[in-house]
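Student: My questions will all concern the structure given below.
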Amino acid sequence: IVVQLVREGMLLGADRNVTTTLQQGATIASGQTQRPKVLKWPNREIVVGYVGRAQVGDVHTDEWLYDFIGRNLDTDLSQLAYELKSKLEFDLRGQVDEDAMILHLGGFGEADGQWKPQVWFVRNVRGLDKLGFPIDVADEFDVSEEIDQPTYFHGQSGEQVRARVESLAQNWTPFWF
């Protein structure tokens, strides 16, 4: 999943390939299917994107997320990240496996009278190896807001973030992670 800030807002992108495995008796079939991995709230300017786990319980992750979105139409963005963490942990309890899941929840929050981008990072992965593969997958999910981290835009106003993003883009070094 890729998040890019641009002067006009925020872009989230992911491929649509989801690996599925079906078992019927002793036969196991594995393949790719196309499913959405970036979803938008219908009544707000919030998007969520995910990679990793293809299903939560017996439900495809995108369908599980649509249900979550429908139950949280008016929840504040920061609270939404913690609600997502709690719901994932609840619905995945007892499913001990190594399926990593990484989600980015993006939108804008008001800070000091300005709109400032927020990207909430929800994950059950404690790190990535040199090739970007998850290591140390846990049962619990961590939550953090990434844009205001010291390595990115810590303490900057919405206008300062916008100006820096625009400057980076003009220098052909756009801001993304």
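Student: Would you check the accessible area of residue 37, probe 1.4 Å, heavy atoms only, in square angstrom rounded to 10?
Tutor: It works out to around 20 Å².
Student: Follow-up. Given a 1.4 angstrom probe, I'd like the percentage of the accessible area of segment 85-177 that is carbon and sulfur, rounded to a whole number.
Tutor: On segment 85-177, the fraction of accessible area on carbon and sulfur atoms equals 52 percent.
Student: Name the GluC sites (Glu not before Pro) in segment 96-153 that are in a loop by DSSP and that have at most 12 other C-beta atoms within 10 Å, would you?
Tutor: For GluC sites (Glu not before Pro) across segment 96-153 that sit outside H, G, I, E and B with at most 12 neighbouring Cβ atoms in 10 Å, the list reads 98.
Student: To continue, here is another question. Using a 1.4 angstrom probe, figure out how much accessible area segment 56-177 has per residue, in square angstrom, rounded to the nearest whole.
Tutor: 59
Student: Largest first, please: the extent of the C-alpha atoms of segment 39-168 along each principal axis, to the nearest Å.
Tutor: Sorted largest first, the three principal extents are 45, 38, 19 Å.
Student: Label points 7 Å out from Cα along the Cβ direction at residue 63 and residue 128: separation in nm?
Tutor: Spacing of the two 7 Å Cα→Cβ label points: 2.9 nm.
Student: Sorted by accessible area with a 1.4 angstrom probe, largest first, how do 152, 50 fall?
Tutor: The ordering from most to least exposed comes out as 152, 50.
Student: Just how much of residue 74 is accessible, in Å², when a 1.4 Å probe is used and the result is rounded to the nearest 10?
Tutor: Residue 74 exposes around 130 Å² with every protein chain in place.
The values are calculated or read from the model by the stated rules, or taken from the named source; none is laboratory data. Keep in mind that what you see is a predicted model, and the values were worked out from it rather than measured. Cβ atoms come from the backbone with ideal geometry, glycine included; neighbour counts cover every protein chain shown. Only protein heavy atoms, including side chains, enter the accessible area calculation; ligands, DNA and RNA are left aside. Shrake-Rupley method; radii C 1.70, N 1.55, O 1.52, S 1.80 Å.
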